[in-house]
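Single-structure report; data block below.
The values are calculated or read from the model by the stated rules, or taken from the named source; none is laboratory data. Quick caveat: nothing in here was measured; it's all calculated off a predicted structure. Don't worry about glycine lacking a Cβ; one is built from the backbone with ideal geometry, like all the others, and counts go over all protein chains shown. Heads up: the accessible areas ignore ligands, DNA and RNA and are worked out on the full protein's heavy atoms, side chains in. Shrake-Rupley method; radii C 1.70, N 1.55, O 1.52, S 1.80 Å.
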Amino acid sequence: PVQKKWRLVVGIAPAFLTTLSLGAFLPTRWYDASAPSCPTRTQTIYVTGDWVHTNFVVPIQSDEFDWRLHLPMTQVGREQRHDYQYLAFGWGDQDFYLNTPTLADARLPTIFQAFWGSKASVLHVQAWRSLPDRATTSIHCLKLTPTHYLKLMNFLDRSFQHDQQGNKIFVSEGHRPYSSFFAAKGRYSLFRTCNVWTAEGLRSAEVNTPVWAGLAPAVLHHLQHSCHCIDQY
């Protein structure tokens, strides 16, 4: 019986890995004739990422959405500056985020609990004065129509948890002086990772994503610098 179980695992594992690999490379949308033309895509957002995690980077203020009206900026980090231009948003397991300042600090029990026993999630919000250096950060620039841009902003805003008074729930200051953690909706798991959350946001803005978006490289692979999206560096 034990040998049969191992044979079953050995037989299923390659098919499972093949399915995930195909899902990572296959786009959810092959072609969309109704996609807006480039001249109508006037709003710029960014997605940063590495081999593990992805973040949205958006302007603090735009004609469509002003984050100063939706997020208490005095709670974002210890540095109370007035020259911040961008906000970065990342979603994930609360225990992992709060106890793992860098990937080098990651511990197997924390990772295991995030995948199988996540109790709460948070949004990691960072305030930036400028975009990061391309030499040290993988960053993708995307152009959106005002309508799709607003849909993405609403997706980010709805990802926060609120108290009974309707206020966003501050959890703690971040590991950097310009970041903080806020309570978020949903639970992190092996089937809904931070990158799946990013893909959900991109889909809300009609941006193409992979069929399976569990890993950061899968999400980043499908992001194209289209419509003359000029990086502001």
If we scan the range 75-90, do we find a residue that is touching a Leu at 6+ places or on another chain (Cβ under 9 Å), part of a loop (DSSP other than H, G, I, E, B) and modelled with pLDDT of 55 or more? yes
Kindly evaluate THR137 against the criterion of being under 20 Å from THR44 (Cβ atoms), open to solvent by less than 10 Å² (accessible area, probe 1.4 Å) and out of contact with any Lys or Arg (no Cβ under 6 Å at 6 or more places or on another chain). no
Answer residue from the range 108-134, given it is modelled with pLDDT under 75 and open to solvent by less than 50 Å² (accessible area, probe 1.4 Å) and is nearest to TRP67 (Cα to Cα) among those: ALA114
Could you run through the range 46-86 and say how many residues are open to solvent by 30 Å² or more (accessible area, probe 1.4 Å) and polar (S, T, N, Q)? 5
Going through the range 184-195 in order, the residues found to be of a type in the set (A, V, I, L, M, F, W, C) and surrounded by 23 or more Cβ atoms within 10 Å (Cβ to Cβ) are ALA184, CYS194
Looking at the range 134-149, I want the residues that are under 17 Å from ALA205 (Cβ atoms) and have a partner that is of a type in the set (D, E, K, R) with Cβ atoms under 7 Å, at least 6 apart or on another chain. Which pairs are those? CYS141/ASP231; LYS143/ARG41; LEU144/ARG41; THR145/ARG41; PRO146/GLU64; HIS148/GLU206; TYR149/GLU64
Residue count, the range 200-217 (criterion: over 13 Å from HIS140 (Cβ atoms) and in contact with a helix residue (DSSP H, G or I) (Cβ under 8 Å, 6 or more places away or on another chain)): 11
The range 159-175 - residue that is in contact with a strand residue (DSSP E or B) (Cβ under 7 Å, 6 or more places away or on another chain) and not polar (S, T, N, Q) and, of those, nearest to TRP128 (Cα to Cα): GLY174
If you check ARG7 against the conditions, is it charged (D, E, K, R), over 23 Å from SER138 (Cα atoms) and modelled with pLDDT of 80 or more? no
Filter pass, GLU200 being in contact with a strand residue (DSSP E or B) (Cβ under 6 Å, 6 or more places away or on another chain) and open to solvent by 10 Å² or more (accessible area, probe 1.4 Å): no
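Residues checked against (1) touching a residue at least 60 places away in the same chain (Cβ under 8 Å); (2) over 24 Å from GLN85 (Cα atoms); (3) open to solvent by less than 10 Å² (accessible area, probe 1.4 Å); (4) not small (Gly, Ala, Ser):
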| residue | (1), (2), (3), (4) |
| --- | --- |
| LYS151 | no, no, no, yes |
| PHE155 | no, no, no, yes |
| VAL171 | yes, no, no, yes |
| TYR178 | yes, no, no, yes |
| PHE182 | yes, no, yes, yes |
| GLU206 | yes, yes, no, yes |
| PRO210 | yes, yes, yes, yes |
